[in-house]
Amino acid sequence: MTAVIEPTGEVRPREELGARVQHALHRHPAIGPASVLVASVIVFSLINHRFLNAVNLSLLIQQVAVLATLAIGQTMIILTGGIDLSVGAAAILAQMVMAQTAANNGVPGVLAILFGIAVGAATGFINGFLVTRIKLPPFIVTLGTLSVYTSIGLRYSGGQSVYATSMPKFLIWTGNYVDIGPYQLTTGVIMMLVLFAVASFALTRTAWGRHVYSTGDDPEAARLSGIKTGRVLLSVYVTAGVIFGLAAWILIGRVGVASTNNLTNANLDSITAVVIGGTSLFGGRGAVLGTLFGALIVQVFQSGIALAGVQSLYQVLAEGILVIVAVALDQWIRKVRR
Amino acid sequence: MSTERDPGVTPRLEARGLVKTFGHVVGLAGVSLELYPGEVLAIIGDNGAGKSTLIKCLSGALALDEGEILMDGVKVEFKSPVDARRAGIETVFQTLAVAPALDIASNLYLGREVRSAGPLGRILRKLDTRGMRSTARERLTELGIGTIQDMTQKVETLSGGQRQAVAVARAAAFGSKVVILDEPTAALGVRESGQVLSLVKRLRSQGLAIILISHNMPQVFEVADRIHIQRLGRCAGVITPHGYTMEEAVAIMTGATTLDA
């Protein structure tokens, strides 16, 4: 009785290049966006040599920090098969709470930041609660909370901006410059990079990460494997909310003013970064590092097209095409069978 | 496998008078069964006979209205599949319950991941990925599915038979006592079905108690030691493949004849 389940799927003697590429992308979803990033950097530096100089690259990464941080939380949510349209509104609300409590209510900086992060976590909890307990689709929940959080932010701030001059130093600490060789980064940029490292570790090296992926991949299979999928989802939304709070802090440091006019495009931009970064909108597939590349690609296009002296509307056009290409690529990768 | 049991032997799994209703629909109307170590008990029955309800109750996916379940003579109560698994009952659902985008090792350990030793595992909760992979490979080899070598292969890249093998391996790999297989060959071709049936026989020879739900009479008659026939929410009888023909089994299943007990 020694029948052997033969690896019928293993037989790939005359695998074509296309199939091999497909297989590699299937295994390492971040390869795609990484190559696009490298290619676009090369192209833009050929068009205008100034693209590669330290000042431009430093500015580029400073500009991407807030969006990239928001996109970490968005990635986690999309990995579960969800989507968050309230990203920007949640961050703005957290930002206004940080700035207002510190500037107008005299709360110490550290505490103000913690309040803001707690508000971020609360927005995530509300989204997660509605998704897991009331069983509403994430798209609808966050479409609703987008308006709710936006209006609460406006009501709370009275439409008033808070300027850096009236804030404690700790709030704009994320805007402090850190020089690394010829490159000028900010503490906010470093915070963003650290967050990517932590998120990547949590998603790929811990049981929680496996549960996040399996919940997004096949919720029923995850449940039958003994995973409390509701709890996993809720934890993802709350974690994302905390990350949105941290993004708000980086935002204050970056722009030096807390205003409800910030981050107007953040909701869709964060989804764009995640999708270009190779994470599947259907959940369960992708990598948070791909999102870093995705956010960088968007920024590289923005900067490169501006330096090439082309109208900025072409940047929007290019971004749109990239999203469609990325999703088409995802569909193709998902077709890999045997 | 003989069906003559020493009355002193305690069944590994015993169900007594299981009742489960869904509103006015009666799923189980008092079903009992006994399952011994090292035996394959097949459960057959027409659609709506209560097969699925029965295994869902045994695997903790459904709560019982009445009746009791005993493991090794001790009464147990399952509120969730996790409870049943803790008691040693593993179920391979027809949908397999594997995560296609995760690799083989991750699937084998899904829901019971192992953390690495030392501070990385204790403080950062890092998983022992390498250890899980090598143990997964050992388990698959023990089960005679050692030809799948690459534990980092994603499950969706496997063939149907290999996926089934991974699902069965997961059920059998962690010291379980009872393995419930729901239509394990329904989606497979002839050759792959044969491989899964060999795997079932191998698990039996290792002393596991196995419940096999199947529509495929030749397969049931090939591997089962006893056959539990479910009809209209009740047990219409338990037969052996030696004492009855397939036609007789089908006749009992459909109510064309009755078994005088």
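The values are calculated or read from the model by the stated rules, or taken from the named source; none is laboratory data. The shown structure was predicted, so the numbers you read here are calculated from the model rather than taken from an experiment. Neighbour counts are summed over all protein chains in view; Cβ atoms, including those assigned to glycine, are modelled from backbone coordinates with ideal geometry.
The set of residues in the stretch B:57-85 that are within 9 Å of chain A (Cβ to nearest Cβ) and free of Cβ contacts under 8 Å to residues at least 60 places away in the same chain comprises B:Ala61, B:Ser80, B:Pro81, B:Val82. Residues in the stretch B:91-101 that are more than 13 Å from A:Pro219 (Cα to Cα) and either surrounded by fewer than 24 Cβ atoms within 10 Å (Cβ to Cβ) or hydrophobic (A, V, I, L, M, F, W, C) (or both): B:Val92, B:Phe93, B:Gln94. Determine whether the stretch A:10-19 contains at least one residue that is modelled with pLDDT under 80, over 24 Å from A:Asp269 (Cβ atoms) and buried (at least 16 other Cβ atoms within 10 Å of the Cβ). Within the stretch A:10-19 (the criterion being modelled with pLDDT under 80, over 24 Å from A:Asp269 (Cβ atoms) and buried (at least 16 other Cβ atoms within 10 Å of the Cβ)), the answer is yes, since at least one residue qualifies.
Return yes or no: is B:Tyr109 of a type in the set (Phe, Trp, Tyr), touching a Leu at 6+ places or on another chain (Cβ under 9 Å) and more than 30 Å from A:Pro219 (Cα to Cα)? So B:Tyr109 fails the test. For the stretch B:105-158, a tally of residues being part of a helix (DSSP H, G or I), in contact (Cβ under 8 Å) with a residue 12 or more places away in the chain, over 17 Å from A:Ser214 (Cα atoms) and of a type in the set (D, E, K, R) returns 3. If you filter the stretch B:23-53 down to residues that are modelled with pLDDT under 90 and of a type in the set (A, V, I, L, M, F, W, C), you find that the one that is surrounded by the most Cβ atoms within 10 Å (Cβ to Cβ) is B:Ala49. Would you confirm whether any residue within the stretch B:182-195 is of a type in the set (A, V, I, L, M, F, W, C) and at pLDDT 90 or above? So far as the stretch B:182-195 goes, no, none of its residues is of a type in the set (A, V, I, L, M, F, W, C) and at pLDDT 90 or above.
Taken over the stretch A:183-200, the criterion of being among the aromatic types (Phe, Trp, Tyr) and either buried (at least 18 other Cβ atoms within 10 Å of the Cβ) or facing chain B (nearest Cβ under 7 Å) (or both) is satisfied by A:Phe196 alone.
Run down A:Gly124, A:Gly106, A:Gly116 and say which single residue is of a type outside the set (D, E, K, R), closer than 17 Å to A:Ala258 by Cβ and within 21 Å of the chain's Cα centre (by Cα).
Exactly one residue qualifies, and that residue is A:Gly116.
Listed here are the residues, each with its yes/no results for (1) crowded, with 24+ Cβ neighbours inside 10 Å; (2) small (Gly, Ala, Ser); (3) over 24 Å from A:Thr229 (Cα atoms).
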site: A:Ser270; (1), (2), (3): yes, yes, yes
site: A:Leu281; (1), (2), (3): no, no, no
site: A:Ala287; (1), (2), (3): no, yes, no
site: A:Ala306; (1), (2), (3): no, yes, yes
site: A:Gly309; (1), (2), (3): no, yes, yes
site: A:Leu313; (1), (2), (3): no, no, yes
site: A:Leu317; (1), (2), (3): no, no, yes
site: A:Gly320; (1), (2), (3): no, yes, yes
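Considering the stretch B:120-169, the residues that are hydrophobic (A, V, I, L, M, F, W, C) and over 13 Å from B:Asn107 (Cβ atoms) include one that is farthest from the other protein chains (Cβ to nearest Cβ), namely B:Ile123. Tallying residues that are within 10 Å of A:Tyr149 (Cβ to Cβ) and part of a helix (DSSP H, G or I) within the stretch A:77-92 yields 6.
Listed here are the residues, each with its yes/no results for (1) in contact with a strand residue (DSSP E or B) (Cβ under 8 Å, 6 or more places away or on another chain); (2) assigned to a loop (DSSP other than H, G, I, E, B); (3) charged (D, E, K, R); (4) more than 27 Å from A:His49 (Cα to Cα).
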residue	(1), (2), (3), (4)
A:Thr239	no, no, no, yes
A:Phe244	no, no, no, yes
A:Gly278	no, yes, no, yes
A:Phe282	no, yes, no, yes
A:Leu289	no, no, no, yes
A:Val310	no, yes, no, no
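Across the stretch B:168-197, what is the total count of residues that are within 22 Å of B:Arg12 (Cα to Cα) and part of a helix (DSSP H, G or I)? Count: 6.
In the stretch B:150-165, the condition of being buried (at least 24 other Cβ atoms within 10 Å of the Cβ), within 14 Å of the chain's Cα centre (by Cα) and modelled with pLDDT of 80 or more is met by at least one residue. Residues that are within 26 Å of B:His242 (Cβ to Cβ) and touching a Leu at 6+ places or on another chain (Cβ under 8 Å) number at least 2 in the following strands (runs of 3 or more DSSP E) confined to the stretch B:1-104: B:13-22, B:25-35, B:40-45.
Report yes if some residue within the stretch B:80-89 is modelled with pLDDT of 85 or more, within 19 Å of B:Phe174 (Cα to Cα), touching a helix residue (DSSP H, G or I) at 6+ places or on another chain (Cβ under 8 Å) and not small (Gly, Ala, Ser); otherwise report no. Yes; the residues of the stretch B:80-89 include at least one that is modelled with pLDDT of 85 or more, within 19 Å of B:Phe174 (Cα to Cα), touching a helix residue (DSSP H, G or I) at 6+ places or on another chain (Cβ under 8 Å) and not small (Gly, Ala, Ser). Any idea which residue in the stretch A:201-240 is nearest to A:Ala94 (Cα to Cα), counting only those that are acidic (Asp, Glu) and surrounded by 20 or more Cβ atoms within 10 Å (Cβ to Cβ)? Checked the stretch A:201-240; the qualifying residue nearest to A:Ala94 (Cα to Cα) is A:Asp217.
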